[in-house]
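Engineer: Sharing a structure with you now.
Computed from the coordinates by the stated procedures, all read-outs in this text should not be read as laboratory data. These numbers come from a predicted model, not from an experiment. A quick note on method: Cβ atoms are made from the backbone with ideal geometry, for glycine too, and the neighbour counts reach across all protein chains shown.
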Amino acid sequence: MGDKSVDEVDSYTHVGVTLYACVDQDRFNSISNRGKGMLASLAGVGVRFDGLNPIYSAILWDKMCIPSLLYGCEVWYNLSGRDILKLERLQRFAGRLVQGFHILTHCEIVIALLGWFSMIGRIRKAKLSFLYKLIYTNSMCLVKHMFIFRLAQYEVKAVHKMQGFIPEIHEILEYYNLHNFIVNYNDTRFFPSKIVWKSIAKESVLLNENQMYVYGMSSKTVENIAVTAHPNIGISNLYSSMKRMPHSRAQISRLVKLLSISEGLSVICSMCRDVVSNLPIHLFIYCVELNDVRNAMWDELIDILGVTLSVILGNKLDVDLVAKFLGANWELEDEGVFDKVVSTVAKYYGHVYELCLKADDDNNIISNDSDDSDA
Ligand SMILES: [Zn+2]
């Protein structure tokens with residue numbers, strides 16, 4: 001730069017911590033092991049199934065583990081699909097641990113119920129924030145000079161196969177349809193303020209994560225209870241309800257597990273031995289072995305909701321009705337009524353998942369997402 005030479009390095013030690021740009025396999029293995037170690041320590045303070053409410057476990061993962069695991073990810077480049085999968089598996093492992101989900105649960109629902117972004121989404125979001133920081137760095141700093149220089153090099157394609165932050169951020173901006181911001185910055189040196197950019201970046205990543213979640217779930221199932229009950233990434237209504245009603249905690253945390261049951265392909269109901277195409281719908285509406293449970297539940301629901309609302313509820317489509325039982329929004333009722341309904345449904349159906357699991361170890365009733373079997 002100018003009359004000084006600037007050496008490029010693959011690693012740099014900043015306040016005692018070494019940052020790596022090109023992260024190799026060994027380092028990813030060590031990140032993965034470190035994550036599992038952190039989870040093991042957090043298990044001691046309740047970050048596990050039947051421990052803390054998953055809302056708090058999710059916060060601890062976000063605030064304590066993620067910053068450490070993804071430290072310096074703004075400058076990582078050339079991540080392979082395998083590296084990313086390793087990180088995603090680690091997060092799903094954490095999600096299953098705190099929710100007590102089966103190892104083969106659909107991976108999308110595991111993190112969506114906790115309001116987590118995928119790891120690649122988190123990395124991309126960090127890079128978008130880093131872009132803002134670079135743009136607003138004092139123009140006297142060498143870093144800023146380097147940034148402007150590399151940006152110009154990229155624009156005129158002066159370097160063959162450029163690597164590092166600049167080509168990566170261009171890719172990310174294009175991926176989220178935000179490329180016009182960098183084009184505009186190149187032309188006019190204008191860039192949105194911190195608050196505006198933060199919200200643009202967050203909303204773009206969230207929109208994409210939601211699309212990936214819905215797409216991922218719909219590619220596996222036909223009538224999707226999980227997505228109907230929980231249409232957007234965010235803390236599940238059931239966990240919020242659990243927070244307000246700690247006495248129903250154990251039953252609600254088991255009710256949530258019904259969201260993780262496979263839908264789509266025909267399976268055999270472990271209780272009545274019928275072949276069914278959508279197990280949650282079958283269990284809540286049709287299974288003859290659960291007639292008594294269902295009737296008792298409806299008696300209580302009619303007391304809570306009144307006859308008119310119960311009839312409206314009963315007339316809903318199967319998918320919508322079961323989704324309501326599993327946390328879908330209740331537009332008409334207040335929080336208190338929602339909580340009463342949830343605790344009633346959980347009282348009668350909280351144990352059903354475990355009944356299925358016990359009666360049917362070899363009948364393949366749980367989800368068929370097998371890419372995580374080694375997580
Ligand atoms: Zn059945």
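Engineer: Provide the FRET efficiency to the nearest 0.05 for the SER199-LEU355 pair, computing r from the beta carbons and using R0 = 45 Å.
Structural biologist: Computed FRET efficiency for SER199 and LEU355 comes out at 0.50.
Engineer: So for the range 10-139, Kirkwood radius off the Cα pairs, Stokes-Einstein at 4 °C and 1.567 mPa s: how many µm² s⁻¹?
Structural biologist: Approximately 83 µm²/s, per Stokes-Einstein.
Engineer: If the range 237-359 were replaced by its equivalent ellipsoid, with semi-axes equal to the square roots of 5 times the Cα gyration tensor eigenvalues, what would those be, largest first, whole Å? Can you show the working numbers first?
Structural biologist: Working: eigenvalues 105, 55, 34 Å².
For the range 237-359, the ellipsoid semi-axes come out as 23, 17, 13 Å.
Engineer: Taking the alpha-carbon centroid of each part, what is the distance from the range 23-59 to the range 244-304 in angstrom?
Structural biologist: If we compute the Cα centre of each part, the gap is 31 Å.
Engineer: Still on this structure: Of ASN177, GLN153, TRP197, which is farthest along the charge dipole of the range 125-201 in the positive direction, counting Lys and Arg as +1 and Asp and Glu as -1 at C-beta?
Structural biologist: Of the candidates, TRP197 comes out farthest on the positive side.
Engineer: Against the longest principal axis of the chain, how steep is helix 165-175, in degrees 0 to 90 to the nearest 10, with axes from Cα atoms?
Structural biologist: Here the helix axis deviates by roughly 40 degrees.
Engineer: Can I ask one more? Return the FRET efficiency for the residue pair SER41, LYS161: r is the Cβ-Cβ distance, R0 is 45 Å, and the value is rounded to the nearest 0.05.
Structural biologist: 0.60
Engineer: Sort 244-250, 280-286, 228-234 for me by packing, meaning the mean count of neighbouring Cβ atoms within 10 Å per residue, highest on top.
Structural biologist: Result, highest mean first: 280-286, 228-234, 244-250.
Engineer: Springs between alpha-carbon atoms under 10 Å, Gaussian network over the chain: tell me which of TYR213, TYR353, TYR154 tops the mean-square fluctuations.
Structural biologist: Result: TYR154 has the largest fluctuation of those listed.
Engineer: How much length, in nm to one decimal, is gained on full extension between THR137 and TYR12, taken as 0.36 nm per residue of separation minus their Cα-Cα distance?
Structural biologist: Between THR137 and TYR12, full extension yields 43.1 nm more.
Engineer: Oh, and also: Hey, can you grab everything whose amide H is under 5 Å from the amide H of GLY100? Only 5+ residues off in sequence or another chain; H modelled, so Pro and N-termini drop out.
Structural biologist: Correct list: PHE49.
Engineer: Helix 335-349 versus the longest principal axis of the chain: what angle, 0 to 90°, nearest 10, using Cα atoms?
Structural biologist: The angle comes out near 70 degrees.
Engineer: For the chain, modelled as a Gaussian network with Cα springs under 10 Å, which listed residue fluctuates most, ASP299, ASP339, ASP83?
Structural biologist: ASP299
Engineer: What is the ratio of the Cα radius of gyration of the range 125-201 to 2.2 N^0.38 Å, where N is its residue count, to two decimals?
Structural biologist: 1.04
Engineer: Compute, for the chain, the length of the dipole vector about the Cα centre, with Cβ point charges of +1 (Lys, Arg) and -1 (Asp, Glu) only. Units Debye, rounded to 20. If you can, show how the numbers build up before the last one.
Structural biologist: Values: 37 positive and 42 negative charges, 264 e Å.
Dipole size: approximately 1260 debye.
Engineer: Using the basic label-point model (7 angstrom from Cα toward the beta carbon), what is the ILE59 to ASN184 distance in nanometres?
Structural biologist: Simple spin-label model gives 3.5 nm for this pair.
Engineer: GNM, the chain, Cα, under 10 Å: largest mean-square fluctuation among LYS316, LYS243, LYS127?
Structural biologist: Maximum among the listed residues: LYS316.
Engineer: Given DSSP loops and a limit of at most 13 other Cβ atoms within 10 Å, what is the longest stretch of the chain that contains no such GluC sites (Glu not before Pro)?
Structural biologist: The longest such stretch corresponds to 9-330.
Engineer: I would also like to ask the following. With an 8 Å cut-off on Cα pairs and a minimum separation of 6 or more residues, tell me the relative contact order of the chain in percent. Before the final figure, lay out each step's value.
Structural biologist: On the way: 429 pairs, mean separation 72.3, N = 375.
This gives 19 percent for the chain.
Engineer: As I understand it, the value is the acute angle between the Cα axis of helix 142-155 and the longest principal axis of the Cα atoms of the chain; what does it come to in degrees, rounded to 10?
Structural biologist: 80 degrees
Engineer: When the C-alpha atoms of the range 190-239 are aligned to their principal axes, what extent does each axis show, in angstrom, from largest down?
Structural biologist: 47, 25, 9
Engineer: Quick one: Debye curve from the C-alpha atoms of the chain, no solvent, what's log10 I(q)/I(0) at q = 0.07, 0.10 Å⁻¹?
Structural biologist: These q points yield log10 I(q)/I(0) values of -0.40, -0.73.
Engineer: CYS272 to VAL307: extension gain in nm, 0.36 nm per residue of separation minus the Cα-Cα distance?
Structural biologist: Full-extension gain reported as 9.6 nm.
Engineer: Starting from the Cα of LYS194, draw a straight line to each of the lysines and keep only those under 27 Å, dropping any in the same chain fewer than 8 residues away.
Structural biologist: Answer for LYS194, where 27 Å is the Cα cut-off: LYS63, LYS125, LYS127, LYS133, LYS144, LYS202, listed by chain and number.
Engineer: While we're looking at this one, here's another question. Suppose every K and R has +1 on its Cβ and every D and E has -1 on its Cβ; what is the size of the dipole of the range 125-201 about the Cα centre, in Debye to the nearest 20?
Structural biologist: 260 debye
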